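Reviewing the structure listed below.
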Amino acid sequence: FRALDTPGKQSALASISKHLCEELISKDNYVGYAGAVQAYADFLGKAISHGFDDLEFFATQFQMKDSRKQDVFRRVAAELLIGNSSVYVGEPVRRVLCAAFLLNQEDDVLLASDISGDALLSLYMLKGDERYKDALRTPDKADVLLAYDMGL
């Protein structure tokens, strides 16, 4: 990150992008610790504060023609697992990066993005914000909340 504060900033941002791209496409890279989601969220946050465009990065990696926030959020949210950060242990880094990306997004924007019930439940469990659980209290998503409350 020190290189991001130098004239070689663009090269450093390209290196970060290349590294994250390799992590996303790797089939052999799995997460071995429960804190990985938060660690990657912190990493992405620091990169963003230095000019990394995470929205554009994920739109490109998922081969989306348009990088509208809601579309990118819905696509990335499809990679989430239902559970807290410990469920990502043993999972591909790709899923962890997707969870980390969404952790860094504003809750109001995510809640307005019409993401799936499973993704809302995942975000509730990752972030602990009751608004995600409340968003499940709609006729078309209530079954996800009911299944969760029943332990299914």
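The values are calculated or read from the model by the stated rules, or taken from the named source; none is laboratory data. The structure displayed is predicted, hence computed values, not measured ones. Cβ coordinates were reconstructed from backbone atoms using ideal geometry, including for glycine residues, and neighbour counts include every protein chain displayed. Side chains included, ligands, DNA and RNA excluded: accessible areas come from the protein's heavy atoms. Shrake-Rupley method; radii C 1.70, N 1.55, O 1.52, S 1.80 Å.
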Kindly indicate which of S86, S15, S11 is within 19 Å of D118 (Cβ to Cβ), among the small types (G, A, S) and either part of a helix (DSSP H, G or I) or at pLDDT 90 or above (or both).
S86
Would you check if E56 is open to solvent by 40 Å² or more (accessible area, probe 1.4 Å), assigned to a helix (DSSP H, G or I), among the acidic types (D, E) and more than 18 Å from E106 (Cα to Cα)?
no
D71 - would you say it is among the charged types (D, E, K, R) and either in contact (Cβ under 8 Å) with a residue 60 or more places away in the chain or not in a helix (DSSP H, G or I) (or both)?
no
In the list D134, D140, D107, which residue meets the criterion of being in contact with a helix residue (DSSP H, G or I) (Cβ under 7 Å, 6 or more places away or on another chain) and acidic (D, E)?
D107
Please list, ordered by first then second residue, the pairs with beta carbon atoms under 6 Å, 6 or more apart or interchain, first in segment 38-58 and within 22 Å of Q70 (Cα to Cα), second not hydrophobic (A, V, I, L, M, F, W, C) and not in a helix (DSSP H, G or I).
A41/N104; L44/N104; G45/N104; L55/S67; E56/S67
Which number in (1) under 15 Å from the mean Cα position of the chain (by Cα); (2) surrounded by 13 or more Cβ atoms within 10 Å (Cβ to Cβ) marks the one condition that G83 misses?
(2)
